[in-house]
Amino acid sequence: MKNEQTETTANNQEPQVPIAILPIGCIFPNSHNLQEYWAMLREGDDAITDVPSTYWNVDDYFDSDPKTPDHVYAKRGAFLPEIEFNPLEFGIVPNALEATDTSQLLSLVAAQEALKDAGYTEDRDFDRNRVSVILGVTGTLEMVIPLGARLGHPIWQRALKDAGIDDAVTEDVIERIRQSYVDWQEASFPGLLGNVVAGRIANRFDFGGTNCSVDAACASSLSALHLASLELASGKSDMVLTG
């Protein structure tokens, strides 16, 4: 979105600020980019598929009975395709990848695509201090789940002990479970924060305007779009990357 010339209505009402929506960057189910997404819509392709093995094991979580606790009763859905990601291209140390939420990584890819599609490449000269990043990010990021699960060790230990399991076996079982989850490390805290989604984009592309995330549940994207429009209308930014 880009702020164009401000116009004032003839009857001295509030200034009307035309806002241009520039090209888009996106990743959708069955679509790696905008071109594939439009093609899918044009052809009427169905993006609903069985759960890919890279997401979760259907045998572990599926049960046709909706009342079964801690299970799902559907095994089809719309899933993002595999996306190639070069961490060095975005200034991320490779060993920090496992502690960085995928929403932060995918947003960098989509942001880069949007900027390129709009003609704002790295070699183009424009005032980056007047570019803001305002994104809708809902709730807790996925990375919180495996990191939080590591805090369950005492619960597992007490349960195994109450079941009469030998201490040595208990420790072995806990260690096996522990190895199934990503380790806490220096990059873990920023890697699980929703507001870092916008921060990484601003940092990587050297944008000096506002950068923040807004959480309005299912209305997060529309709320971000609204705030981005206000940012432009106020004249604080010339361009806002939003979505």
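The values are calculated or read from the model by the stated rules, or taken from the named source; none is laboratory data. Computed from a predicted model, the values in this text were never measured in an experiment. All Cβ positions, glycine included, derive from the backbone under ideal geometry; neighbour counts span all protein chains shown. Ligands, DNA and RNA are excluded from the accessible area calculation, which covers all protein heavy atoms including side chains. Shrake-Rupley method; radii C 1.70, N 1.55, O 1.52, S 1.80 Å.
Within region 123-145, which residues are in contact (Cβ under 8 Å) with a residue 12 or more places away in the chain and among the charged types (D, E, K, R)? Across region 123-145, the qualifying residues are D127, R128, R130, E142. Within region 134-153, how many residues are open to solvent by 60 Å² or more (accessible area, probe 1.4 Å) and either more than 16 Å from A99 (Cβ to Cβ) or touching a Pro at 6+ places or on another chain (Cβ under 8 Å) (or both)? Number of matching residues: 1. Quick one: how many residues across region 104-122 are closer than 15 Å to R204 by Cα and either among the hydrophobic types (A, V, I, L, M, F, W, C) or in contact with a helix residue (DSSP H, G or I) (Cβ under 6 Å, 6 or more places away or on another chain) (or both)? Looking only at that region, the number is 10. Here I165 clears all of (1) in a helix (DSSP H, G or I); (2) surrounded by 12 or more Cβ atoms within 10 Å (Cβ to Cβ); (3) aliphatic (A, V, I, L, M); (4) free of Cβ contacts under 8 Å to residues at least 60 places away in the same chain except the condition numbered (1).
Determine whether A224 is touching a residue at least 24 places away in the same chain (Cβ under 8 Å), touching a Gly at 6+ places or on another chain (Cβ under 6 Å) and part of a helix (DSSP H, G or I). Considered against the rule, which asks whether it is touching a residue at least 24 places away in the same chain (Cβ under 8 Å), touching a Gly at 6+ places or on another chain (Cβ under 6 Å) and part of a helix (DSSP H, G or I), A224 comes out as yes. Quick check: anything in region 172-190 under 15 Å from the mean Cα position of the chain (by Cα) and either within 24 Å of T242 (Cα to Cα) or of a type in the set (S, T, Y) (or both)? Looking for residues that are under 15 Å from the mean Cα position of the chain (by Cα) and either within 24 Å of T242 (Cα to Cα) or of a type in the set (S, T, Y) (or both), one finds at least one in region 172-190, hence yes.
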